[in-house]
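Accompanying notes for the structure given below.
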Amino acid sequence: MPSSDSEDFESADEGQTHTERKERKKRLSSSNYSENALESDSGPKETSTLTGKVEKPKAKTTDGWDDFDIDNPEESNTEVKSKEPSPKEEKQPKAKEETQPKAKENVKSQDTGWDDFDDWGQDDVISKNEMEQTSKPVNQSSNQQQTDRDIKEVTDRLASASTKGNSWGWGWGVDSLLSTATAGITTATAGFTTLTSQVSQGISTVLESGIGAPDPEELARKNNKEADTSAPKVEDTKPDEVKAKEDQPNAGANDGAFPFGSLLSGVTKFVETTGTKVIAGGLDTLETIGKKTMEVLQDGDPGLAKKRAMLGLDSGDKPVLSQILREAKAKAEEEDKVREEKREAKEVHYENLFDDFEGLVHLEALEMLSRQVTMRIEERMRGLDPEKRQDIKETLQQVAELCEMPEEDDEDDEPPSEGMSKPDAFHEKLQTATQDLGLKLVFQPLVKQYTDVLDWLDSSDPDIGEKAVYKRAVSSLAQCTALAVLVYHKAAEMLLVKPRRSTADEADALTQMTVVLTKHISELATLFTEKLNSISSENKEQINNHITNIFLEAGNSSTYIQNAFQLALPILQIGAV
Amino acid sequence: MTSGPYNYSYIFKYIIIGDMGVGKSCLLHQFTDKKFMADCPHTIGVEFGTRIIEVAGQKIKLQIWDTAGQERFRAVTRSYYRGAAGALMVYDITRRSTYNHLSSWLTDTRNLTNPSTVIFLIGNKSDLDGQRDVTYEEAKQFADENGLMFVEASAKTGQNVEEAFLETAKKIYQSIQDGRLDLNAAESGVQHKPASPGRPLAAPPAARDNCTC
């Protein structure tokens with residue numbers, strides 16, 4: 001099973017494949033071989049994988065070259081992909097020499113599971129030969145200088161067209177990626193795809209673990225420079241190389257005069273031995289192969305005009321992969337930025353704190369009780385005749401109405417009693433609210449938490465940073481909410497084992513308690529925002545941000561508390577039926 | 001990945017059950033705080049404890065539900081079994097009645113949890129060997145007959161307490177590895193990292209870490 005990393009690489013890879021496959025279909029519509037069934041499925045899924053990958057959040061600062069954050073994997077793929085045509089190149093002359101059976105034998109003797117391997121070899125030959133027939137004359141007749149100029153011009157055009165600002169290198173990379181990928185895919189069969197993915201994995205791993213990817217900027221510049229200077233020379237070498245291949249088709253290592261040949265045979269070996277040799281070959285090999293692939297692609301197609309046309313790169317109105325990738329990346333970046341800001345604003349995570357204070361698990365337990373009791377009520381109702389059932393329904397409804405939160409009226413906000421501390425007043429309010437509940441509820445933790453908060457606000461250093469106040473605010477809100485939810489949970493448990501129920505009183509008591517608690521939450525929020533406002537800080541915007549968030553979390557707290565209350569409703573109801 | 005401050009990969013839900021006074025809450029405190037609470041108040045309904053442990057290099061948060069042993073809470077505590085990945089069934093080796101009730105607790109556990117729930121039998125108060133009322137051998141036999149894991153432990157000295165909780169976690173983890181425990185089932189009692197219910201947040205895509213596929 002591949003590691004998740006290489007899986008990612010692969011999916012991205014295949015996503016591209018899908019896009020290009022359409023092109024390929026177009027291209028092959030007149031040719032005589034059919035679409036491979038294996039390849040034609042699961043396209044949409046792969047595309048979505050690609051999108052998912054691109055949009056994966058990445059928290060990185062922008063430095064102008066951040067394109068490569070996301071592009072890097074693609075570039076690795078470029079290099080990986082560029083391997084595909086290369087073995088094909090190797091095969092081709094062999095086929096001409098009628099030595100293919102031998103090559104097959106070699107492959108088979110190494111790995112019998114790779115029968116598919118042979119197929120792609122043959123397919124390659126067919127397609128390559130076809131290509132050769134049409135392209136060779138053009139190639140030979142074309143003027144070297146002309147080719148040189150063409151290539152240069154196209155490279156420049158690619159560069160300027162592909163990205164607005166920062167890198168023609170990236171453009172080059174993508175276009176060559178597209179081209180090479182197309183070439184590979186055109187000739188691919190299912191077997192080849194498997195092989196490719198294995199190779200990709202191997203290389204991805206190697207790139208990640210061993211060599212260390214080069215600076216893309218550097219790479220791009222180098223590529224471009226060499227493309228400018230070496231193109232004619234390569235055109236020259238090409239026939240020689242083929243010839244050399246014919247001369248010594250089985251040679252394990254070619255001599256230095258034919259560097260590409262040696263590289264290519266290295267690649268074949270690499271493929272046959274599932275990737276171990278890449279380490280030896282190193283990144284230079286990959287780079288050169290990539291370049292070589294570009295040249296081969298341009299062979300008979302100066303300026304890549306045909307291939308560009310095939311890919312629809314020239315028509316501005318059609319969406320192209322690079323465009324889609326760029327847009328997706330921009331979108332992801334935008335999302336990252338928003339998320340980053342959010343995180344900055346609330347580094348303190350309310351939910352996590354609420355969970356840490358056991359609020360979540362009490363809520364969960366309360367929910368389980370609530371569900372259980374609801375089921376019991378329904379069960380009771382099922383056994384009754386319709387008339388009685390209607391009675392019960394009405395009773396349930398009445399209880400629910402008792403539990404409706406009263407309209408907010410701030411007028412009855414009586415000032416704290418004389419000579420009583422705020423926490424004590426709070427405690428008394430809770431006691432008064434719940435005195436008809438008939439339970440011994442424990443409010444000490446809530447009162448103590450309030451005391452702690454007040455003490456902290458009073459005693460804290462006047463120069464305390466806004467961040468510290470904010471952190472304490474969110475934490476206090478989360479803790480208070482968790483303690484409140486605990487009270488509801490305990491009340492529910494105790495109500496269920498209470499011998500004599502008085503539903504109306506209980507409902508009223510819990511409603512009042514909810515009012516007290518939600519008011520308490522606002523009180524806490526107000527205390528902290530006042531504290532924040534008292535801080536003399538030049539960063540007014542940040543303070544306002546914090547204040548907004550505190551009120552947001554206070555609203556959140558109230559929601560939790562009211563949810564807990566609603567969960568307790570069936571427990572009140574079952575006492576009445 | 002932005003997983004917040006959570007540095008664990010799983011949450012296992014445990015439930016501790018058994019007669020009143022067998023030392024369920026004390027076992028929990030010994031495990032979470034490494035302390036013995038001499039006079040532990042009666043548990044009302046359920047109390048909670050958490051601790052993060054490590055199994056096979058994976059950090060796991062144990063979310064332990066310590067239920068009330070009082071008979072009157074039995075109906076309430078029955079609501080809490082659902083979704084437990086592990087059940088610690090406790091009796092007191094010095095009180096035979098608590099041992100005799102085990103079959104009733106076991107029935108509840110079997111009925112209210114899923115088949116993959118790991119049940120661990122703990123004979124507590126092993127420090128009081130002089131007052132022993134239940135032999136190790138008969139309890140061991142009971143455990144074997146019912147396919148339970150078993151130790152005698154002491155919440156007071158801490159003997160075997162750690163082992164009971166950890167062995168249960170290992171067994172659960174093994175079930176996950178073997179594919180016997182379906183993480184996607186709501187009742188598995190195992191969660192990948194905490195969810196944050198109750199708030200309409202843009203949920204991040206489910207973390208696929210540790211996926212055994």
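The values are calculated or read from the model by the stated rules, or taken from the named source; none is laboratory data. Everything quoted here is computed from the prediction, not taken from an experiment. Neighbour counts run over all protein chains shown; Cβ positions are idealised from the backbone, glycine included. SASA here: full protein model, heavy atoms, side chains in, ligands and nucleic acids out. Shrake-Rupley method; radii C 1.70, N 1.55, O 1.52, S 1.80 Å.
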Percent accessible area from carbon and sulfur atoms, the range A:369-409, protein chains only, probe 1.4 Å: 46 percent
Pulled fully out, how much extra length does the chain show between residue B:71 and residue B:58, if you take 0.36 nm times their separation in residues and subtract their Cα-Cα distance? 0.9 nm
With every protein chain in place, what's the accessible area of residue B:42 (1.4 Å probe, Å², nearest 10)? 120 Å²
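Calculate for chain B the 222 nm mean residue ellipticity that helices alone would give, adding -39,500 (n - 2.57) per DSSP H run of length 4 or more and normalising by residue count, nearest 500 deg cm²/dmol.
Values: 6 runs with 59 residues, N = 213.
Calculated mean residue ellipticity at 222 nm is -8000 deg cm²/dmol.
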Lys and Arg at +1, Asp and Glu at -1: neighbours of residue B:153 with Cβ under 12 Å from its Cβ sum to -3
Can you give me the distance in nm between label points at residue B:128 and residue A:400, each placed 7 Å from the Cα along the Cα-to-Cβ direction? 5.0 nm
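Can you give the accessible area buried between chains B and A, summed over both chains, with a 1.4 Å probe, in Å² to the nearest 100? All intermediate terms of the calculation are to be shown ahead of the outcome.
Numbers: alone 10950 and 29310 Å², together 37920 Å².
So the total buried area for this chain pair works out to about 2300 Å².
Within the set B:59/B:171; A:467/B:61; A:448/A:519; A:490/A:531; A:448/B:24, which residue pairs have Cα atoms separated by over 23 Å?
Values: B:59/B:171 15 Å; A:467/B:61 29 Å; A:448/A:519 17 Å; A:490/A:531 33 Å; A:448/B:24 28 Å.
With Cα atoms farther than 23 Å apart: A:467/B:61; A:490/A:531; A:448/B:24.
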Between residue B:185 and residue B:104, how many nm apart are label points set 7 Å from Cα along the C-beta direction? 2.8 nm
Within the accessible area of chain B, what % is carbon and sulfur when the probe is 1.4 Å and the other protein chains stay in place? 51 percent
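Would you mind telling me the antiparallel percentage of the DSSP bridges in the range B:10-212, rounded to 5? Each step should come with its number before you reach the end.
Numbers: 13 of 36 bridges.
About 35 percent, rounded to the nearest 5.
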Tell me the per residue accessible area of the range B:10-212 using a 1.4 Å probe; a whole number in Å² is fine. 45 Å²
From the gyration tensor of the Cα coordinates in the range B:10-212, what semi-axes in whole Å does the equivalent ellipsoid have, largest first, with each one equal to sqrt(5λ)? 29, 18, 16
Which residues of the range A:488-505 show a drop of at least 50 Å² in accessible area when all protein chains are present, compared with their chain alone (probe radius 1.4 Å, heavy atoms only, ligands and nucleic acids excluded)? A:490, A:493, A:497
Burial of 40 Å² or greater, the range B:5-48 residues [accessible area, probe 1.4 Å, versus chain by itself]: B:6, B:44, B:48
Which parts of the range A:490-523 would a label at residue B:42 reach, counting a residue when its backbone N lies under 13 Å from a point 7 Å out along Cα-to-Cβ? A:494, A:497-499
What net charge do the residues around residue B:17 carry, taking every other residue with its C-beta under 14 Å from that of residue B:17, with Lys and Arg at +1 and Asp and Glu at -1? 0
